[in-house]
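Below you'll find the structure, written out as C-alpha cells, and then a few comments.
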Amino acid sequence: MSKRKHPSGAASLSQYRDQHFRGNRHEQEQKLLASSTLYIGNLSFYTSEGQIHELFGRAGDVKRIVMGLDKVKKTPCGFCFVEYYTRSDAEVAIRYINGTRLDDRIIRTDWDTGFKEGRQYGRGKTGGQVRDEYRTDYDEARGGYGKMLANKIRRTSDVPS
Amino acid sequence: MDRRRRRTDSMSDDEDDDRGRKRRRIATDGGVDIEDRLESLITRVGEKSTSSLESNLEGLAGVLEADIPNYKHKIMKILCECVVKLPEKLTVYTTLVGLLNAKNYNCGGEFVEMLVRNLKEALKTGEFENARMMVRFLSDLVNCHVLVAASLIQMYDSFVEVTLEDNIPQVRSDIYVYLVLSSLPWVGRELYEKKEKELDAVLSTIDNYLSKRQKIHLPALKAWSNDGPHPQEEYLDCLWAQIKNLRNSKWIEKQLIRPYLAFDSVLCDALQHTLPQIIPPSHNKSMTYPLPRVVFRLFDYTDVPQGTVLPGSHAIERYLIEEQLNRIIHTNNLERKECAAALLGYPAKNKIPLNYMIVEVMFGQLFELPRSPYIDLFYGATFIELCKLQPTSMPEVLAQASEMLFERIETMHSICIERFVMWFSYHLSNFQYRWSWDDWAECVEMDPNAPKSKFVREVLLKCLRFSYHQRVSESVPDSFAPLLPPEPNPVYRYEQEGAGSLPGTTHAHKLISSIKSKCTPDEAAILLKDLPNQYPNGQENENPAFNPLKIDVFFATLLHLGSKSISHSFAALAKFHPNLKSLAEFDDGKVCLLKVLYETWKNNQQMMVVLVDKLLRTEVVDCSSVANWLFSFEMQHDFTSFYVWEIMHSTIKKMSRHVDQLQHEVDEAHDKQEAVKRKEADGLDLGDEDVPSDEAIERMEEKLEAATSAQKNLFLVIFQRFMIVLTEHLARCESASVDYNTPWFKWVIERLQQVFLVHHELVYRYVSTLELLLFTSDIDIHILEVFQQFCALRS
C-alpha cells in the first residue's frame, strides 16, 4: 500500500488502536490512513440509523451505516460504523462532528480500518460493549447502570430484609 | 567510490561532497537547521509575547541582518510567503522589511524585486486574492520608507487604466479597482500628504468607473431582495463609500496597528526604492476573475449593547474588522476549535461588539451567493464552539440574530432560507431543541407557502430527521400541531383496509410470502408474469413500454418489506436489482418507479432522499428521469418542499461527478500514452508498463462524450420544465387578472435561480445552447431576467 499523507489537527489518527486487528501496527496504521470508514461511539441505544444518516450526511455522501449490536440480544448497543464514498468526506465528518451532539449525547468519532463481518457485535462478556460492563454511572440511554454494578445492585436487593 | 562507505564516515574531515557539508552544518548547530529556525522566528513575530512588539521587531531585524550574507534568498522567500499567508500581520512585516532596508539597502531592493515578480505571476495566473495582499503590502512599504510614493501611484494608475479597456468583462476591471481600493486604508494618508493631486486623479478615475458600472447581477447575489432595514450593497459600492468617508476624515482611521510609527527616526533616514513598472497582463478568454459579491448586513449600532460601538456600515473600520475576521476563518476553517478561539481572541483596539461582528461575518459567509466559502457544517460546528467558549454571551447574540433573520425572512432568498433551515435545525439538535417557539406562533395561521410558515415547517422536518417524532412534538407548544410533520411511517396500499378490491392485492400477498421465504429474483419475476398492463386503480395502460401495476405491486412490496431501516431497504434493493432494472427499462417505467417510491415514503422525506440516491447509483433510474419525476403532476403539491430540491441538486451533483470522473480517466490515459511515447523516442526501456491502447482511449472518450451530452440534456430538461410551470402560472394569473407574485412564484423562480447559481461553473459551459434553445428573447421577462442576471455574473 502506498504511503499516505498524515491528516492534520482534528482529523489526525487518535491514540486508540483496535486490539483485534489482524495484522501488524504498521499495516493497521496504513489502513487507517487510507480508510473512508469511521467508528462512532457513545451513541444512545435508541438512536436509529436514520438519525445517524442525517447528521453524518451533512459532511458528505454516506455509503452505508453498520449499527453495532448486542451479541446476544441483537439490539443496538451504542456504537456504529459510518462508511463514506470518499476519504475527504470522512475527514470532514471527523473535523466537524467529533465531540458534538446526536440525540442529546456527545458522540465520539474515530478512524476505522473498515467494516468486516462480525465487527458489528459488542465485545463485552454479556453481549454489549466492554465499557458498559464496568461503568459506574447511571446512563438511561445506555441501559442504566453498568452491567457489573447492575448485577451487584440486583443481588443486594434480592437479599430479604 | 562506494556510496555506502562514504555515507558512514560522512563526519570525517576529508569529506567534501554536498551531503557532507549539510550534515556538518546541522551537527555544529546542535541539530537545529538554521533555515527552519529562521522560518519559525519570522512567522512567529507579532504573536502574543512577554516583550513589546517593537523590541521583538528590533531584535529580529538584528538577527536577520547577521544572517543575510548567508541566507538572503531564504529570508526573502519566507518574507514573501508571510505576505500572502499571514496578511493579518501585514504591518508587522512591512515594518520588518523597513528595518532591514534601513540596515541594508540592497536587501530591501531585492525583496521588492521578488515580491513584484510574485505579484506579476499571480496576476497572470489569476490568483487575485494573493495579488491583493501583495499590492497592499507594497502600498504599506511606502509608509515604511522602502518605496517611493510616486512609484506606487504609477502602479495604481496602470491598474485603474484597466477600466478604460474596451471589450473586456466587467469582472476584470472590477478586480483591478478592488486591488487599489482595498490598499488605500493603509497608505491613503501618506499619499494624501505627499501626492495629493495624483491620488485625486486615481480616485476620480475610480469614481467615474463606478458610476457607470452595470449591476444586473446584483439581485442574484443578495441575501435579501429589499434593502430594509439595512441595504445589501455591492462590494465595490460599499468599499467606495467607506473609502470616501475615510478621505473625508483626512485618511485617518482607528483600526490598524502601525508598528513602523515607533521606528520613524530610523526609517526616515532609509533610502527608498522605485517600484518597477507593473502592467496588468492583457485579458484573455481563459482567465477567470473573481465573481462580484454583496456585503451582508444584519446589525447596526442600535442592536448592540451599550458601551460598545458598532462602526457604521460606511465606516472604514467596519471593513477592516470584517476583513480580518474573514481572514481568521479562512486560516482556521479546518479546525473549528482553533477557529472559534482565534475569532474571540481578535485583538480589538477599540471597544467593538466583537460577538456581534463575528456572528454577522459568519452568517455573511453562510449566506454568501452563489455558494458559501465552506461547507454548511463548518459554520454550525464553529457556532457551537463559540457558544461553548462564551456560554454567557454568545448564545444570546445568536438567538437575537436568529430572531432577526426570521423577522426578515419574507424577502430572504430561498437559497438562504434553505441554509438558515439547515443551520438552525442543526443548532437546535445540539441544544436540546430549546427555543422560544411561542414567539413564532403567528405562523400557525399562515399560508403554508408563506416564508415564515415554511421555515418553521422545514425546521421541524429537519429536527424530525435528527431525532424522532415524539421528541419534536414535545419540544414545541401544542398550538404548533398543524405545523408538525406526520409520523414518518411507510404506506403500503395492499395491506390497507379495502385492499381486497385492488387488482394487485393477491399478487402482492403471494409476493410477500415468497420473498419472506427467500425466493430468487427470477422466481419473484415469474410470480408477477400474468399481471395485466394496468394502473393500480384498474385503468388500462396503452403504453407497452412499462407495466404500472407490475411496478407498483413489486416495488411497493419490496419497499414495504425493507421498511424497517435504511439498511434493510438497501438489502432489498440489492437482492432484487435485476427485477427493478427490467421493470424500469425505459424512461416511463423509471418515472413510474419513482412515483411508487413517493407513494410509499411520502411521509418520510429522508427515506425518499436516501433511496433515490441509491436507485441512481445502482442505475435503476437515471438523472433525467429523476428530474422529470420531480416536475411531474403527482409531485406538484410538494414542489416547494425543500426535500424535492435536495433530491434535484444531489442528482445534478452526481451527474457532474460522473462526468468529472470520466474526464479524469481520459486525461490520465492520454498522459500515460504520451509519457510512453516520450520514453520510446528517447530510446528508453519500456519494461512491462500498462499502456492504454488507442482503442481503449477511444472507448473512454466515447463514454465521456455520452456522459457530457447526458449532463447537457439534464440541464435542458430541468430548465425547460421550469419554463413550463412558470409560464403556466403567469398565464393563469394574467387571465384571472390576479397578481402573479405569489409565495409559490417566489419559491419557484428562486429555485430556478438556485440551479444557475449553485452549479454556475457547469451551467456556464452550456450557456450558448441555453440562450439559443430556451432563454430566447420572446419568453416572459421574469424568467429571462434570471438568465440575464446569471450571465451578468461573468460579464
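Taking the listed residues B:CYS268, B:CYS238, the one that is of a type outside the set (Ser, Thr, Tyr) and within 22 Å of B:VAL180 (Cα to Cα) is B:CYS238, with no other qualifying. Listed conditions (1) surrounded by 21 or more Cβ atoms within 10 Å (Cβ to Cβ); (2) modelled with pLDDT under 95 are all met by B:SER393, apart from (1). Checking the structure you have, find out if any residue of the range B:171-187 is open to solvent by 30 Å² or more (accessible area, probe 1.4 Å) and in contact (Cβ under 8 Å) with a residue 12 or more places away in the chain. No, the conditions are met nowhere in the range B:171-187. Taking first residues from the range B:735-756 that are open to solvent by 20 Å² or more (accessible area, probe 1.4 Å) and partners that are of a type in the set (Asp, Glu) and assigned to a helix (DSSP H, G or I), the Cβ contacts under 8 Å between residues at least 6 apart in sequence or on separate chains come to B:TYR740/B:GLU734. Does B:GLU385 satisfy the criteria of being open to solvent by 30 Å² or more (accessible area, probe 1.4 Å) and either within 14 Å of another protein chain (Cβ to nearest Cβ) or farther than 25 Å from B:VAL644 by Cβ (or both)? So B:GLU385 does not fit the description; no.
Those residues that are in a helix (DSSP H, G or I) and crowded, with 16+ Cβ neighbours inside 10 Å, I need them from the range B:625-634; list them, please.
Going residue by residue through the range B:625-634, those that are in a helix (DSSP H, G or I) are B:625-630, B:633-634.
Selection gives B:SER625, B:VAL626, B:ALA627, B:ASN628, B:TRP629, B:LEU630.
Kindly list, by first and then second residue, each pair from a residue in the range B:256-271 that is closer than 9 Å to B:CYS144 by Cβ to a residue that is among the aliphatic types (A, V, I, L, M) and not in a helix (DSSP H, G or I), limited to pairs with Cβ atoms under 8 Å and residues at least 6 apart or on different chains. Cβ pairs passing all conditions: B:ALA270/B:VAL146.
Candidates in the range B:252-279 are the residues that are in contact with an Asp or Glu (Cβ under 8 Å, 6 or more places away or on another chain) and assigned to a loop (DSSP other than H, G, I, E, B); of these, the one that is most open to solvent (accessible area, probe 1.4 Å) is B:LYS254. In this structure, A:LYS31 does satisfy being closer than 19 Å to A:ASP89 by Cβ, more than 14 Å from chain B (Cβ to nearest Cβ), open to solvent by 30 Å² or more (accessible area, probe 1.4 Å) and in contact (Cβ under 8 Å) with a residue 40 or more places away in the chain.
Any residue at all in the range B:305-316 that's within 30 Å of B:ILE216 (Cβ to Cβ), at pLDDT below 95 and open to solvent by 20 Å² or more (accessible area, probe 1.4 Å)? No, the range B:305-316 contains no residue that is within 30 Å of B:ILE216 (Cβ to Cβ), at pLDDT below 95 and open to solvent by 20 Å² or more (accessible area, probe 1.4 Å). Might you check whether a residue that is within 31 Å of the chain's Cα centre (by Cα), assigned by TED's automatic domain parsing to the domain that holds B:LEU191 and under 27 Å from B:MET287 (Cβ atoms) occurs anywhere in the range B:95-112? Looking for residues that are within 31 Å of the chain's Cα centre (by Cα), assigned by TED's automatic domain parsing to the domain that holds B:LEU191 and under 27 Å from B:MET287 (Cβ atoms), one finds none in the range B:95-112, hence no. Taking the range B:190-218 as the range and being in contact with a helix residue (DSSP H, G or I) (Cβ under 6 Å, 6 or more places away or on another chain), more than 30 Å from B:LEU261 (Cα to Cα) and assigned to a helix (DSSP H, G or I) as the test, the residues that pass are B:THR205, B:TYR209, B:LEU210. Just give me the residues in the range B:302-327 being over 26 Å from B:LEU179 (Cα atoms), outside any loop (DSSP other than H, G, I, E, B) and touching a Phe, Trp or Tyr at 6+ places or on another chain (Cβ under 9 Å), in sequence order. Listed by number, the list holds a single entry, B:ASP303. For the range A:54-104, a residue qualifies if it is more than 8 Å from chain B (Cβ to nearest Cβ), basic (Lys, Arg) and free of Cβ contacts under 8 Å to residues at least 40 places away in the same chain, and the qualifying residues are A:LYS63, A:LYS74. In the set (1) more than 14 Å from chain A (Cβ to nearest Cβ); (2) at pLDDT 95 or above, the condition left unmet by B:GLU338 is number (1). Check whether at least one residue in the range B:63-85 is within 23 Å of B:PRO347 (Cα to Cα), buried (at least 16 other Cβ atoms within 10 Å of the Cβ) and touching a Pro at 6+ places or on another chain (Cβ under 8 Å), and report yes or no. No, the range B:63-85 contains no residue that is within 23 Å of B:PRO347 (Cα to Cα), buried (at least 16 other Cβ atoms within 10 Å of the Cβ) and touching a Pro at 6+ places or on another chain (Cβ under 8 Å). Of all residues in the range B:486-502, those satisfying the criterion of being more than 47 Å from the chain's Cα centre (by Cα), open to solvent by 50 Å² or more (accessible area, probe 1.4 Å) and within 18 Å of B:HIS560 (Cα to Cα) are B:GLU497, B:GLY498, B:GLY500. Applying the condition of being open to solvent by less than 10 Å² (accessible area, probe 1.4 Å) and part of a helix (DSSP H, G or I) to the range A:34-53 and asking which residue is nearest to the other protein chains (Cβ to nearest Cβ) yields A:GLN51.
The values are calculated or read from the model by the stated rules, or taken from the named source; none is laboratory data. Everything numeric here is computed off the predicted structure, so don't read it as measured data. Quick reminder, even Gly has a Cβ in these numbers, built from the backbone with ideal geometry, and neighbours come from all protein chains shown. In case anyone asks, the SASA skips ligands and DNA or RNA and just uses the protein heavy atoms, side chains included. Shrake-Rupley method; radii C 1.70, N 1.55, O 1.52, S 1.80 Å.
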